[in-house]
Every structure is written in structure tokens, then in C-alpha cells.
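Would you mind keeping the following structure in view while I ask a few things?
The values are calculated or read from the model by the stated rules, or taken from the named source; none is laboratory data. This is a predicted model, so every value here is computed, not measured. When we count neighbours, we look across all protein chains shown, and the Cβ atoms used for this are built from the backbone with ideal geometry, even at glycine. Note: accessible area is taken over every heavy atom of the protein model, side chains too, but ligands, DNA and RNA are not part of it. Shrake-Rupley method; radii C 1.70, N 1.55, O 1.52, S 1.80 Å.
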Number of protein chains: 6
Amino acid sequence: MSTRLSHLNDKGEARMVDVSAKSVTSRTAVAEGFVAMAPETLDLILDGKAPKGDVLATARIAGIMAAKRTHELIPLCHPLPLTQVVLDFTPSRDPSGITVEATAKVEGKTGVEMEALTAVSVACLTIYDMCKAVDRAMIFSGIRLIEKTGGRSGHFRAP
Amino acid sequence: MSTRLSHLNDKGEARMVDVSAKSVTSRTAVAEGFVAMAPETLDLILDGKAPKGDVLATARIAGIMAAKRTHELIPLCHPLPLTQVVLDFTPSRDPSGITVEATAKVEGKTGVEMEALTAVSVACLTIYDMCKAVDRAMIFSGIRLIEKTGGRSGHFRAP
Amino acid sequence: MSTRLSHLNDKGEARMVDVSAKSVTSRTAVAEGFVAMAPETLDLILDGKAPKGDVLATARIAGIMAAKRTHELIPLCHPLPLTQVVLDFTPSRDPSGITVEATAKVEGKTGVEMEALTAVSVACLTIYDMCKAVDRAMIFSGIRLIEKTGGRSGHFRAP
Amino acid sequence: MSTRLSHLNDKGEARMVDVSAKSVTSRTAVAEGFVAMAPETLDLILDGKAPKGDVLATARIAGIMAAKRTHELIPLCHPLPLTQVVLDFTPSRDPSGITVEATAKVEGKTGVEMEALTAVSVACLTIYDMCKAVDRAMIFSGIRLIEKTGGRSGHFRAP
Amino acid sequence: MSTRLSHLNDKGEARMVDVSAKSVTSRTAVAEGFVAMAPETLDLILDGKAPKGDVLATARIAGIMAAKRTHELIPLCHPLPLTQVVLDFTPSRDPSGITVEATAKVEGKTGVEMEALTAVSVACLTIYDMCKAVDRAMIFSGIRLIEKTGGRSGHFRAP
Amino acid sequence: MSTRLSHLNDKGEARMVDVSAKSVTSRTAVAEGFVAMAPETLDLILDGKAPKGDVLATARIAGIMAAKRTHELIPLCHPLPLTQVVLDFTPSRDPSGITVEATAKVEGKTGVEMEALTAVSVACLTIYDMCKAVDRAMIFSGIRLIEKTGGRSGHFRAP
């Protein structure tokens, strides 16, 4: 691993790293996060007919759309022609909450870690938004990169 | 507190809540989060001349700009004429990482929790992006609403 | 009704109309449209458990989000602080298809016709996108303003 | 043609289809639509010196710009490096109105139907916006894909 | 006039200035700029039938649309509900080129200088883009604020 | 050089030029501009501890982010997968001000002149925004393309 911050030049000024010479390869990234919430909030999401479907359906759409706008949000990210974005939600009773997992793929010159992490973050924010009227104390934790394949730096798997 | 999810109608379909009849009041929200990282990563950010300034300067700008786009990212958020967004970063040695705090203000019909939380989330993502070449194992945790004032639901302070 | 095109000045050049002097009033607009499709396509949307929910749930979210971006898409539209956007879908067997209806509300200086029409249009496009693998011959028709209240021009109801 | 909705997984949840393995080919799509309007409205657009030019010039620009943002508007669309977008307008006296036609091209892994249809839809919306002060009863109809070339599914021509 | 940079706090960190307590007043700003070009380039724009209309028509639309997105482009700008944006173009033979003037209005808590300057800048860029195939040596100069009214700082007129 | 405006068809209507048949090559563009300001304004930017860093750091980020959105701002620009964007700032005492230089790179079918010019323009606007409280009379001048490599039209260097 590098011991320099590649996004900063010699004078420490921000720059968008030159990836012109990098080769186009298949790259994937998987990220995850957890929205901790009161059991009653989880019930409201999971319970009944439609509410369940739509809170997570809305968060899923929000996450996918945000992944496509990652380079607009993160200043030094390169624009990437994403070939796939998938979000999965897994409810948990103990601790009470929902695990969000996002997978992003691209054939490109740079990795898609930021796209996967952005999808997770915005999905978490959307769940918060849709439930905040009943539970303002929700907390997001464990947002991190799980796995990454492709590119010169090779395979990464979270320890 | 309500026991219904105000963003879902009787059939559980997503909707943007009608705030026409709500009054315009001064509202503020403060959110925070923590980016855990290796001590060496923190050194690289804090140490030296420019890198420190620019990693956090970039994250600060990214957070402010994202707050202004919250309603584009979170499907059911109302557009709001933000009157202020401030981000603060506090480095920590034990645990090793950086605390991100965002404050948002508006004179509006709805609260600015989502704007503050979005600012924190995107600032965390930007820190990750700028340091990921040296530390892919960074984790975001404790992203949550700290305080909220204004509006009918009154004052909220995280327990 | 005016007999001039208010968006064009004396020389016929495009301009964003000055609404500074207009008063802020409650305004609503309702628009609708119809996506005609093969009966089998409608079956795939309505049938089964999840597909139904998610095609329309996705179109609903897309329509709401597009309404918020109307002023970015339509060159001479003013930005508006929307207070509500609602989309409704009604399946029909004869003719085969889905009616999309959108309602938009604002407390503002100009009407929300364009927001309601944009929501309908993007919801129709999303339905097309999600079903085009099985039916490329879908047609959108009858996209129009149904009703409008508020503002100086008063109440409008489609004939 | 498939009999499954490719945008939904086994559980009916929305997903962005994986196109990683698809080959890059030349693809084109042509879409059209019709804005029906009162004869006097059409006169105002066609008549005189400048107004004619600018209503359609504005709609043309709006359509082109919207085509480039299709993947931001339609949740499950892939971002595409469009190589061309063209809009044509043909006035009609009987019925009274304007036909909008859009052509989009790309060298890519997925088709450009949505880009062409989005260009047509936003051009129609822009015509409505620029003439609504004199004619709120305009209706969009016949918005559909006319032709599509390239890609595995081959040539499509509207029946 | 202040002798501090209001966008920087005591530590010199960027922040979005708090305008919560400022009163809503009518504000206008006028900005201008000049695109210097070869006489032949100017001929191509002014000459003939359609080209003239459309280069400037396109630049006008681009400037208006950019004004509405100023707060997305300029990191510390507040979002503003613009009530009017107008662009004017004046060709000049000596020196050879086109003067771009933009006027922006708002009823708001902060001024619209940035919106007017952004409209001028993006209109200049669009003229460049549309003529660069025949003249890459065009230069933008004299982009500046001409006049500003409203707000606590009062009337400004360029010296 | 062409003697026709390639962005206009035979009827002078705007169109996005077809670049399908152009080959993908390495392309770079360098643009520059100058923000003239009072010596005291320059002092405020350069002087002291943090203000210096952050005014230019903010302008740098704004310029990079704007480069990535060039195709959203300039109506007939093609979307491009930028591989690098760099901004440099050089203060000057006589005349008093700051020179902004931007370099953009891409492996693509069209050049990156507009991306470099857009980065310069938005960086200038951001400097203006951050200093306007102390100096409303700043002027942008000399915004132009300095150099361009790659593509069929070959090497260009400003005279």
C-alpha cells in the first residue's frame, strides 16, 4: 500500500488523480452498513403489508440513484460508467435494525468502492428520513467496504 | 410521537408529506459521525503542512455542497432554502479517527435533520475517498442526530 | 387569457418571466397520463407478489424526485419550494394500461403545473424502462393538466 | 423477447441490471410524440419572426440536455456516453400541433431508447411551459419508440 | 465594507454564512462579460438566417439554466428562489465580439450577484463551445458585476 | 479549420454533433484566466494563516467538481469520462490578482477544452464569491484555451 495520499500533490493541494494510463478492467465493490433503531420502528417497517415494502423499496431506489451520482458528491471521484448496482436489506432483531449491503460493478480505470459506500450511506439516510417521525434516535454504524476486486491493487476483503 | 410512518399513505405507498399548512419557523439540526482509521492514516491527515488542511477542507466543502442537494438524494425530502451549513472536524487518538459534526439552519416549514445528516455522511465518504489508497479498512460509525430545534415537534436532544 | 407568449420578449428571445411582484399563494396542480401496454405486460406488473409493488413503487419515487427537479429540466421554470407531491397509479384492462396521476402543491409565486406534468412524464418513462424488455411498443398518451388552483389566473379544470 | 421483467430480481425488488458482460456496439434509437394545441397557439409559435424560432429552439435545447441526464431521472437506467442527440419538430394543421422526434446514438453496452424518449418528453414539457399562458389544454400523445438498432435484441421498428 | 472574509471562520475554514437573521428584500444584480473573437467568427454567428438565432438562443438558455444552479456550483452560495433571469447579447465590430449581460432578481435574504455572474460565464462558455470548431482563440474578458440593488450593503455600481 | 459551425445543421438548428465514428484518443486541454482584485483583497487571501489556504482550496474543489458537470451546463457538450482535472493558482502583485490554470484529460472521442474552461470559470466565480464582501469590483479576464492535444484537429497552442 502507498504511504502517500494520492489525492494530494506535493504541496498538499487537492487534485483528481490522473488515471489516463490505467487499464480498463472489471471491478466490483461491496459495502455495508447498519441502521440501529427501536424494535417498534423495525416492526413498523417489517409489519403489515405495504409499509415494509415501500420503506425499503424507496431506500433501494435512493441508493441506486445516489451511486450513479457519486462523482458529483465526492469531489475527487472520477465519473464511471456503472454496469450494475444492487442493494440488499437484512432486518435484525438483536440488535434491532436493518443491515444495508450494496454491490457496484464497472468496467473501468478506477474502482467502485465509493459508489458502493455512497449507495449504502444514502440508503441509510433514506430509511432515517422515512422513519424519523417515529424514531429520531436511529444510528448508522459499521459503514465500510467489505470486498473489492479488480484493478492493480488487487483483491481486498475486510478483516 | 406519531406511531405511523408519515411518509406512507394508507396503502403503504411512498408520498411526499403535505407541509403546506405548516408554519415557517427557525429550525436547526446538529448531526455527527465518526470515521475510524489506522493511527498512520490519521497521522497523514494531521501531519505535515498541506495534507491536513486539504483533506478536511475538501471534506468540509463536500459536506456543505451535499447538504444543499439533500432533497435531490433523499426521495421524499422537501427542498429547503438553507440559511447556514457548518462542518467541524475533531481528530481523536483513542479511538483513532475523526469526528465530523454538521449544523444546518433554515427558516422553513420542515426540519433540517436530513440536511445535517447528509452533510456528515458525505464528509465521511470524502475522507474515505481521499485516504483509501492508504487505508481501505476505515469505518463510519455513530452517524446520528444530536440535536434539533424548532418546529411543532419541539426540541430533541440525543439521549 | 393572454394572447402573447409570456416567455418571449418583444424580440422573441427566451426569458425567465419576472414574478417578483406576484404574491405568494397556495397553489395546486393535478396532471395525468396513460401508458398503453400489452395485456401480458400489465399482467406482469399487477401479477404476483413483488413485481407489482416495485414497478409502480419505482415509478412513484422517480416521479416525485423529478418533480423536485422540474426547474432544472424546463429551461424557463422558476425554482419552487414544493410542499407536496403525490402520485397515483390506476390499472385499466380496456384499454390495457396504467393511468398515472400526479398532484403537486406549493406556497409560491407561480403555479405548479409543470411540476405535476413532469412527475407524470417521468413516471411514465420509468414504467417504460422497467417493462421495455418485454414490451417495446408501449405508448404514452393523454398527458395533460387536469386541474389547477391558486394564482391570479384562477381555477382551471380540463374540459 | 423475455417474459420476465429484467429490472426485478426473484423477489421483485428493483435492481440495476448487470450489463458488465454485454459487448459495446453502435446503438441508435428514435422516439416521437405529439403536442396537440389550439390552432391559435400553433399560430403564435409559427407566426411572426422570433417567437417561432425560440419556442422550438428552447424545446430543442431542453430535450438534448435532458437526454444527457436520463440516468439521473430514470432510477434503473445505466449512465451512457451519448455520441449524438438530435431533435426535430414538425408542425401540423390537422390535427393542430407539433410532432417532436428525437434520435439518440451511443457506442455502449445498453440501448438508448430511454434517452430518446426522455428527450421527446422534456421537449413536449418545454413547449407546454412556454405556451401555457395562452393554452392550458395542450395534450401530449403518441409518445413512443419508433425505431431501435444495435444490441443483442436487434432491430425494432414500431408496428 | 467589511475587512474580513465572511465566508471563513476564525480558523479560516470555509463555511456557509448564516443568513437566518437577514430580512427578505427585493434584490437585483446585473453582470456582464465580453467574448472576443475573429471577425469571421462573428460573421458566422450574425450572418445568414438560422445560425445567428441559435448560437445566441442556445447561450441564452444555458445562461438562464446555469443561474438556477449557481448554488450547486459555487460551494458556499445559498440556494435562492430566483424570480427572474434575463440575458442580453450585443455584437460589437471593434473590438470584434459579443457582450453578454445578465440580470437576476430575487426576493430573498442574500444577493444575486453570483447568479448573474454565473449566467454570464456559462453563456460565454456556450458561445465558445458552439464556435470553437472555427475559432479556438476566443477570449472572455471583463466579466464583472455592473450593478446591485437591495440588501443591507445597499446600491453598488461598478466604477 | 472548418468554415461552418458544426453545432448547427443546415437549417441553423442546434444539435449535438455525432461523434460515433470518431476514435478514442488521449486528449488534454489547458485553460487559464485571471481574477483582478484590489491589493488588499489579495492580501486577505494570501495573508494570515488559514484564509489563504481555504479560499483557494475551495475554488480548486469547485473547479474540479464543475469540470465533471460540464456536459450538464453546456447544452451541446458530450458527456466525457474525465481521467484527470488539476487546478493551479498563481498570485500576482502587478497587476494585483490570481491566475487560475486548469488542465483536463480524457481518453475519449471529443476534446476536453470545455471542461478546462469550465473549471477555470467556476474557480474564478468561487474566488469572487468568497471575497465579494470586501471587494465587489473584481474582474475576470483572459479566460481562454492555452493548449490542446489529441484528436483529429491536432495540437493547438494559443498565439
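Identify, from the list C:Ser92, C:Ser121, the residue that is crowded, with 24+ Cβ neighbours inside 10 Å and hydroxyl-bearing (Ser, Thr, Tyr). Lay out the reasoning, then the answer.
Values: C:Ser92 fails: crowded, with 24+ Cβ neighbours inside 10 Å.
Just one listed residue meets the conditions, C:Ser121.
Next question, about the same structure. So which residues in segment A:7-23 are part of a loop (DSSP other than H, G, I, E, B) and either in contact with a Lys or Arg (Cβ under 9 Å, 6 or more places away or on another chain) or modelled with pLDDT of 90 or more (or both), if there are any at all? Full working, then the answer.
Quick first cut of segment A:7-23, residues part of a loop (DSSP other than H, G, I, E, B) only: A:7, A:9-13, A:15, A:17-23.
Passing the criteria: A:His7, A:Asn9, A:Lys11, A:Gly12, A:Glu13, A:Arg15, A:Asp18, A:Val19, A:Ser20, A:Ala21, A:Lys22, A:Ser23.
Starting from residues that are more than 7 Å from chain C (Cβ to nearest Cβ) and in contact with a Leu (Cβ under 8 Å, 6 or more places away or on another chain), keep the ones in segment D:110-119 and report whichever is nearest to C:Cys77 (Cα to Cα). Spell out the reasoning first.
Here is the first cut: in segment D:110-119, the residues more than 7 Å from chain C (Cβ to nearest Cβ) are D:110-112, D:115-116, D:119.
Now restrict to residues that are in contact with a Leu (Cβ under 8 Å, 6 or more places away or on another chain): D:110, D:112, D:115-116, D:119.
Working: D:Thr110: 32, D:Val112: 27, D:Glu115: 22, D:Ala116: 22, D:Ala119: 17 Å.
Ranking the candidates gives D:Ala119 first.
Exactly one condition in (1) open to solvent by 40 Å² or more (accessible area, probe 1.4 Å); (2) touching a His at 6+ places or on another chain (Cβ under 9 Å); (3) without any contact (Cβ under 8 Å) to a residue 60 or more places away in the chain is false for C:Arg157; which is it?
For C:Arg157, the failing item is (2).
Also, I was wondering about something else. Residue under question is D:Lys109, and the condition is that it be of a type outside the set (Gly, Ala, Ser) and without any contact (Cβ under 8 Å) to a residue 12 or more places away in the chain; does it hold?
Values: of a type outside the set (Gly, Ala, Ser): yes; without any contact (Cβ under 8 Å) to a residue 12 or more places away in the chain: no.
For D:Lys109, the condition - of a type outside the set (Gly, Ala, Ser) and without any contact (Cβ under 8 Å) to a residue 12 or more places away in the chain - is not met.
Right, something else. Check A:Asp47 against each of (1) closer than 27 Å to D:Ala21 by Cα; (2) more than 7 Å from every other protein chain (Cβ to nearest Cβ) and name the one condition it does not meet.
Status for A:Asp47: all satisfied but (1).
Against the conditions (1) facing chain F (nearest Cβ under 9 Å); (2) open to solvent by 20 Å² or more (accessible area, probe 1.4 Å); (3) not in a strand (DSSP E or B), where does E:Gly151 fall short? Just the number, please.
E:Gly151 satisfies every listed condition except (1).
Do you know which residues across segment E:78-98 are within 12 Å of chain C (Cβ to nearest Cβ) and not polar (S, T, N, Q)? Reasoning before the result, please.
Residues of segment E:78-98 that are within 12 Å of chain C (Cβ to nearest Cβ), as a first pass: E:79-89.
Once the filter is applied, which keeps residues that are within 12 Å of chain C (Cβ to nearest Cβ) and not polar (S, T, N, Q), segment E:78-98 yields E:Pro79, E:Leu80, E:Pro81, E:Leu82, E:Val85, E:Val86, E:Leu87, E:Asp88, E:Phe89.
What are the pairs with Cβ atoms under 6 angstrom where one residue, in segment F:81-100, is more than 30 Å from D:Glu107 (Cα to Cα) and the other, located anywhere, is open to solvent by 60 Å² or more (accessible area, probe 1.4 Å)? Sequence gap at least six, or different chains.
Matching pairs, first to second residue: F:Asp88/F:Glu101; F:Ser96/F:Pro39; F:Ile98/F:Pro91; F:Thr99/F:Thr90.
Could you figure out which of (1) in contact with a helix residue (DSSP H, G or I) (Cβ under 8 Å, 6 or more places away or on another chain); (2) surrounded by fewer than 24 Cβ atoms within 10 Å (Cβ to Cβ); (3) facing another protein chain (nearest Cβ under 7 Å) isn't true of A:Ser141?
(1)
Still on this structure, please answer the following. Quick one: is E:Lys132 closer than 22 Å to F:Lys68 by Cβ, modelled with pLDDT under 95 and open to solvent by 30 Å² or more (accessible area, probe 1.4 Å)? Before you say what the answer is, go through the steps one by one.
Working: closer than 22 Å to F:Lys68 by Cβ: yes; modelled with pLDDT under 95: yes; open to solvent by 30 Å² or more (accessible area, probe 1.4 Å): yes.
Answer is yes for this residue.
What are the residues in segment D:96-120 that are out of contact with any strand residue (DSSP E or B) (no Cβ under 6 Å at 6 or more places or on another chain) and more than 20 Å from D:Gly151 (Cβ to Cβ), if any?
Residue satisfying the conditions is D:Ser96 alone.
What do you reckon, is D:Asp129 among the acidic types (Asp, Glu) and under 30 Å from C:Arg152 (Cβ atoms)?
Values: among the acidic types (Asp, Glu): yes; under 30 Å from C:Arg152 (Cβ atoms): yes.
Here the answer is yes, as D:Asp129 does meet what is asked.
Within segment B:127-138, how many residues turn out to be more than 7 Å from chain A (Cβ to nearest Cβ) and not hydrophobic (A, V, I, L, M, F, W, C)?
Of the residues in segment B:127-138, 1 are more than 7 Å from chain A (Cβ to nearest Cβ) and not hydrophobic (A, V, I, L, M, F, W, C).
Separate question: Of the residues C:Glu107, C:Glu101, C:Glu72, only one is open to solvent by 20 Å² or more (accessible area, probe 1.4 Å), within 16 Å of the chain's Cα centre (by Cα) and either facing another protein chain (nearest Cβ under 9 Å) or charged (D, E, K, R) (or both); which? Let's see the steps before the verdict.
Details: C:Glu107 fails: within 16 Å of the chain's Cα centre (by Cα); C:Glu72 fails: open to solvent by 20 Å² or more (accessible area, probe 1.4 Å).
After ruling out the rest, the residue left standing is C:Glu101.
Looking at (1) farther than 20 Å from B:Met65 by Cβ; (2) within 14 Å of chain C (Cβ to nearest Cβ); (3) in contact with a strand residue (DSSP E or B) (Cβ under 9 Å, 6 or more places away or on another chain), which is the only condition E:Cys124 fails?
All conditions pass for E:Cys124, except number (2).
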